[in-house]
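The values are calculated or read from the model by the stated rules, or taken from the named source; none is laboratory data. Just so it is clear, the structure is predicted and the values come from calculations on it, not from any experiment. Please note: Cβ atoms are built from the backbone with ideal geometry, for glycine as well, and neighbour counts cover all protein chains shown. Areas reflect the complete protein model, heavy atoms only, side chains present, ligands, DNA and RNA absent. Shrake-Rupley method; radii C 1.70, N 1.55, O 1.52, S 1.80 Å.
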Amino acid sequence: METRRLPNILITGTPGTGKSTTAHLLQEKVAGLTHIEIGKLVKEQHLHNGWDEEYQSYILDEDRICDAIEDQMDAGGVVVDYHGADLFPERWFDLVLVLRSDNSVLYQRLENRGYAPRKLTENVDAEIMQVVLDEAKEAYREEIVVELRSNTLEDLESNVERAAAWVQQWCHSSSSSPNAEGGL
């Protein structure tokens, strides 16, 4: 397999922490990156096994999702946006960003999206208990997992700037080492 020219990044976090916006802005800022929003991909390509009425979400077909993006991941330059951290092979990612939001901020965002009370409470509880952060730390090497605050527009802008600088450093370092890491 040839060395990738651009890194792959997973942007993860509880729903409402700003994953899609962060991924979209990073893609706009760094030439050559592709943004894959897993939720959108699941809907568009029917990569699910039906609808779960209780949770108001699709029942994911994890194997089909991974198969659908594997070639892109192998090529590199992909920013994956998904609320879980343990769905994908560890080898795919060079950086895993876990977006975190304060409970009051997250609650308001999810309420504004029209989340049902149970789903809203479960997501806020998951954020309090740092479920996604813990998943990421278990699924990927510690040195590539970075927790970022995502409460304000300033946080969003800072996160995108930091990630773009990291990509630039990765590209510079990868010319001498295919396993470049560090420094976000």
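Computed over protein heavy atoms with a 1.4 Å probe, the carbon and sulfur contribution to the accessible area of the chain reaches 46%. Mind running the shape call on region 1-81? Use the C-alpha gyration tensor, a ≥ b ≥ c as the square roots of the eigenvalues: rounded below 1.5 for a/c, prolate if a/b tops b/c, oblate otherwise. Oblate, since a/c reaches 1.5 and b/c is not below a/b.
Under the rule of at least 5 residues apart or a separate chain, name every residue whose amide H is placed under 5 Å from the amide H of Val79. Amide H neighbours of Val79: Ile9, Thr34, His35, Ile36. Exposed loop sites here mean GluC sites (Glu not before Pro) with a DSSP loop assignment and at most 15 other beta-carbon atoms within 10 Å; the chain contains its longest site-free run at 55-184. Once divided by 2.2 N^0.38 Å, the Cα radius of gyration of region 63-160 becomes 1.18.
For region 88-156, the dipole from Cβ point charges (+1 on Lys and Arg, -1 on Asp and Glu) about the Cα centre works out to 300 debye, to the nearest 20. For region 24-64, the spread of Cα positions along the three principal axes, ordered from largest to smallest, is 39, 20, 14 Å.
DSSP bridge analysis restricted to the chain gives an antiparallel fraction near 15%, rounded to the nearest 5.
With contacts taken as Cα pairs under 8 Å at a separation of at least 6 residues, region 62-184 carries a relative contact order of 30 percent.
Find, among the trypsin sites (Lys or Arg not before Pro) in region 1-45, those assigned to loop by DSSP (not H, G, I, E, B) with at most 12 other beta-carbon atoms within 10 angstrom. Each step should come with its number before you reach the end.
Numbers: sites: Arg4, Arg5, Lys19, Lys29, Lys40, Lys43; in loops: Arg4, Arg5.
Of the trypsin sites (Lys or Arg not before Pro), the ones in loops of region 1-45 whose Cβ has at most 12 other Cβ atoms within 10 Å are Arg5.
The tail of the calculated P(r) for the chain beyond 23 Å holds 41 percent of all Cα-Cα pairs. Charged side chains reduced to their Cβ positions (Lys and Arg at +1, Asp and Glu at -1) give region 1-133 a dipole of some 540 debye around its Cα centre.
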